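The values are calculated or read from the model by the stated rules, or taken from the named source; none is laboratory data. Predicted model only: the values in this text are computed from it and were never measured. Note: ideal-geometry Cβ built from the backbone for every residue, glycine included; neighbour counts use all protein chains shown.
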C-alpha cells in the first residue's frame, strides 16, 4: 500500500532570495537607466562570450558532451530518491553527518544550530548559490554569527551591502573604480592609498582574507557535485579561497540542493569538461576540491551535509519544467542572453537571474510569486544553444507562461483574437477595420503605447494579400 | 511544382508586398502557387504568450487547411518554426494524438522561403537584380529554431548589383519577441537600439531579413529616428529583376 503525501511544496515566503520586490519590467526599467551598469555588463558579457566560444570551439566532441551531460542529468532525476539515500549511506559511512532540509527555514535552522554547537561565532564561506538562495547569511547574523564571504566577487558584494547579480560573477555589475570605493569604505585595516589596479585590489582582499582563514574554525560551503556511488562532494572554483575554507577549519558544513547529484565517479568526466569551458572559458577548472566524509588528521574533522529541497521536488513533478534541475550553474545562458546583458541580474529579483533564473525561480516559488519572470525573454533561443546540458529554456518559458495567472483584459483580447482568427470572414473584416482605424503612426493607446514609445507602426497597405489574390 | 502559400497573418495584413513577391518569385521560377482558402494565423502569438488552449482551434485550422498539399512555403522563419516545433506540442497538451500526428506530417512539408529555394528547388541564383548596399539580419527563429544557416546569404550573394555587407553581432535578437515588445517595452527598446546601431554602422541602404515581424520592429525604430535606412523582406529582393 502506498500513502499519498500530497504535492511537494514550493519554497516558503519571507525567507531567502528567490522573490523580487517588483515585477521584472519595472525593475528592468530602472536598471536600463543606469548607463554605468550597461557599460560594465556589456563589456563583461562580451569578454566572457568570446573566451568561452574560443575554448568550446577547440573540442570536436562538444555536442556529444552536451548530449551526454543532458542524458546523465535526466537519468539522475529519474532515480533521485534512491540516489540520495545512497549518498546518505556513503557520506555517513565515511564519517559525515547528513541532514535533510525540506525548505530554507529548516536548512537555516540546522546550519545555525550546528555552528552554535561548535561554540564559535564566525564562519568563513565558500561561494555558494544554495546558501544565497535560502538567505543563510541573514539567518546567521540574526543568531549573532558573522559569515565572511571568501570568494573575491562575493566579498565585494557582501562588503558593499549589495546583492549578487550573476551566478558565477556576482559582482559583474561593479567596475574596479567602484570596488576600490567599497574596499576603502568597508574593509577593516585597508591601506588608504589603495588604487583601482586589479592586482592591488586582489592583494588587499588577500591580506584581509588570510587572517580570517587562519583564525576561523567553521566553514560553510555549497557543492557543485555529489557522487552517490562514493559519497564524495566536489567544489569547483578559480581562486583557491574555496580550498582554504574546505581544508583549514575544524568543522565544515555543506549545503547542497538535492539536484546536484551524479550517480558515479566516472560521470564527473563529462561535467568537468563541460563546466569550465561553458562558464569561465577555461579548458580545465583551476581548483577542484573533492572530499569524502572525514579523513583522520587531515582537513575538517567534523563534516555535515545539509540536503536542501526548498521547492525542488515540486519542480521535479513538472514534466516539462523539471529539466531546469539539470542546471550546473555555469552561467552560459546569462552571458549570451540579450535581456540579461542589458538589465543585469538584480532586475530578476532572485539569486538565479538570466534565462535559467526565469525558469527556475518561478518553479521554486510557484509561478504566482514570480509571474513576470517567464515573460522576461524574447524567446530568441541563444540560451538553449549555449547550455552545456541542453536545457530547452525557451520551451520551459512558453510552458510556464500557460501557468501564470493572466490579466483579465488580456484574457478577453486573446480569446476574441483567437475566435476571430478561427473565422476567416470575421478575420477579413477585422483586417479592414484595422486599416480604417488608421492603426499606425507614432502614438497609440495602451497596451500598444509600449510599442509607439520608441517605434513607429507602418502605414497599413492599401489592400491585404488575400484581397489582391482574390482579384488575380 | 505545386506550392501552397502559407502567407502568415502579419504578411497578409500588414506586409502583403513580401507575400506578393513570394508568389512572383516562385512563378518566375516556373512553379504553380496556390493560396489555400481558410488559412488565417498559425497561433504562435497565443502559444508564446501563454494561451495554448486558445491556440488549439488555430492549430486545428492550420493543419486542416494545409494537409492536402505536398509542399507549403511561408515567408517567415518564425511562423514555420511554430508549425514545426509547437503545433504538435499544443495538440499533445490537449490530448489529441491524432491532431499531433497530422501536425507533424504538415510540418514536415512546410518550408521557410530560403529553405524551399535552396533545399527543395535546388536553386541559389534566382535571377534577381537589386542594385543596393544590403545587410542581412538573420532573425532568431530562422537562425536557432529552424536553422536556415547561410541559405539566405547564399541567395543574396547571387543577386546581381547587390552589395552584401556583414552585420556586426548579427546573431543577437533585435528585441521584438512578439508580445515581449509590449510587455517588456523598455528592454525590447534597449535591444533594438543596439541592433539599429549595428545596422547603421554598416552603411547599408537596406536591412533585410526573412521575417516581416523583426523587420517591422527594426524598421519601426529606424523610421522613428528618420535614419534613412529601409527594411525590405528577403522575398522582395529575390523577386526584383531588371524588368521590375
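Based on what the data block shows, is residue B:96 closer than 30 Å to residue B:159 by Cβ and either assigned by TED's automatic domain parsing to the domain that holds residue B:152 or surrounded by fewer than 22 Cβ atoms within 10 Å (Cβ to Cβ) (or both)?
On the way: closer than 30 Å to residue B:159 by Cβ: no; either assigned by TED's automatic domain parsing to the domain that holds residue B:152 or surrounded by fewer than 22 Cβ atoms within 10 Å (Cβ to Cβ) (or both): yes.
Taking the combined requirement at face value, the residue does not satisfy it.
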- Message: Tell me yes or no: at least one residue of segment A:441-451 is touching a residue at least 12 places away in the same chain (Cβ under 8 Å), more than 8 Å from every other protein chain (Cβ to nearest Cβ), over 16 Å from residue A:25 (Cα atoms) and loosely packed, with under 15 Cβ neighbours inside 10 Å.
- Response: yes
- Task: Kindly indicate whether residue A:428 is without any contact (Cβ under 8 Å) to a residue 24 or more places away in the chain, more than 8 Å from chain B (Cβ to nearest Cβ) and under 21 Å from residue B:41 (Cα atoms).
- Result: no
- Note on segment B:49-74: residues within 10 Å of chain A (Cβ to nearest Cβ) and either closer than 18 Å to residue A:400 by Cβ or part of a loop (DSSP other than H, G, I, E, B) (or both) are B:49, B:50, B:51, B:52, B:53, B:54, B:55
- Task: Working carefully through the options B:46, B:31, find the one that is more than 23 Å from residue B:232 (Cα to Cα) and crowded, with 24+ Cβ neighbours inside 10 Å.
- Result: B:46
- Message: Go through segment B:193-224 and report how many residues are in contact with a helix residue (DSSP H, G or I) (Cβ under 8 Å, 6 or more places away or on another chain) and at the interface with chain A (Cβ under 7 Å from one of its Cβ atoms).
- Response: 4
- Message: Every residue in segment B:129-156 that is more than 14 Å from chain A (Cβ to nearest Cβ) and in contact with a strand residue (DSSP E or B) (Cβ under 7 Å, 6 or more places away or on another chain), please.
- Response: B:129, B:132, B:133, B:134, B:135, B:136, B:152, B:153, B:156
- Return a yes/no flag: does segment A:362-372 have any residue that is out of contact with any strand residue (DSSP E or B) (no Cβ under 7 Å at 6 or more places or on another chain), within 18 Å of residue B:45 (Cα to Cα) and at pLDDT 95 or above. yes
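Residues are listed down the side, and each one gets a yes or a no for (1) part of a helix (DSSP H, G or I); (2) within 16 Å of residue A:307 (Cα to Cα); (3) within 14 Å of chain B (Cβ to nearest Cβ):
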site	(1), (2), (3)
A:6	no, no, no
A:46	yes, no, yes
A:49	yes, no, yes
A:77	yes, yes, no
A:84	yes, yes, no
A:88	yes, yes, no
A:91	yes, yes, no
- Message: Let me confirm something: among B:6, B:15, which residue is in the same structural domain as residue B:105 (by TED's automatic domain parsing), in contact with a strand residue (DSSP E or B) (Cβ under 9 Å, 6 or more places away or on another chain) and under 23 Å from residue B:147 (Cβ atoms)?
- Response: B:6
- Could you say whether any residue in segment B:105-123 is in contact with a strand residue (DSSP E or B) (Cβ under 8 Å, 6 or more places away or on another chain), modelled with pLDDT of 95 or more, closer than 22 Å to residue B:242 by Cα and not assigned by TED's automatic domain parsing to the domain that holds residue B:56? no
- Message: Just to be sure I understand, how many residues within segment B:75-87 are part of a helix (DSSP H, G or I) and within 12 Å of chain A (Cβ to nearest Cβ)?
- Response: 5
- Of these, B:5, B:25, which one is closer than 20 Å to residue B:212 by Cα, away from chain A (no Cβ under 13 Å) and under 18 Å from the mean Cα position of the chain (by Cα)? B:25
- Task: Report, by residue number, each residue of segment B:122-174 that is within 19 Å of residue B:230 (Cα to Cα), within 16 Å of the chain's Cα centre (by Cα), assigned to a loop (DSSP other than H, G, I, E, B) and touching a residue at least 40 places away in the same chain (Cβ under 8 Å).
- Result: B:137, B:138, B:139, B:174
- Taking residue A:351 as the residue in question, decide whether it is buried (at least 24 other Cβ atoms within 10 Å of the Cβ), in contact with a helix residue (DSSP H, G or I) (Cβ under 6 Å, 6 or more places away or on another chain) and assigned by TED's automatic domain parsing to the domain that holds residue A:173. yes
- Message: Taking the condition of being more than 7 Å from every other protein chain (Cβ to nearest Cβ) and under 43 Å from the mean Cα position of the chain (by Cα), how many residues in segment A:413-425 meet it?
- Response: 5
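Hey, could you check segment B:28-48 for residues that are out of contact with any strand residue (DSSP E or B) (no Cβ under 9 Å at 6 or more places or on another chain) and more than 7 Å from chain A (Cβ to nearest Cβ) and say which is modelled with the lowest pLDDT?
To start, the set of residues in segment B:28-48 that are out of contact with any strand residue (DSSP E or B) (no Cβ under 9 Å at 6 or more places or on another chain) comprises B:28-30, B:37-38, B:40-41, B:43-48.
From the residues that got through so far, the ones that are more than 7 Å from chain A (Cβ to nearest Cβ) too are B:28-30, B:37, B:43-45.
Details: B:28: 98, B:29: 98, B:30: 98, B:37: 94, B:43: 97, B:44: 98, B:45: 97.
Top of the filtered list is B:37.
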- Task: Could you look through segment B:88-98, keep only residues that are touching a helix residue (DSSP H, G or I) at 6+ places or on another chain (Cβ under 9 Å) and away from every other protein chain (no Cβ under 13 Å), and pick out the one that is farthest from residue B:52 (Cα to Cα)?
- Result: B:98
- Task: Please enumerate the residues belonging to segment A:114-131 that are over 27 Å from the mean Cα position of the chain (by Cα) and within 11 Å of residue A:253 (Cβ to Cβ).
- Result: A:117, A:118
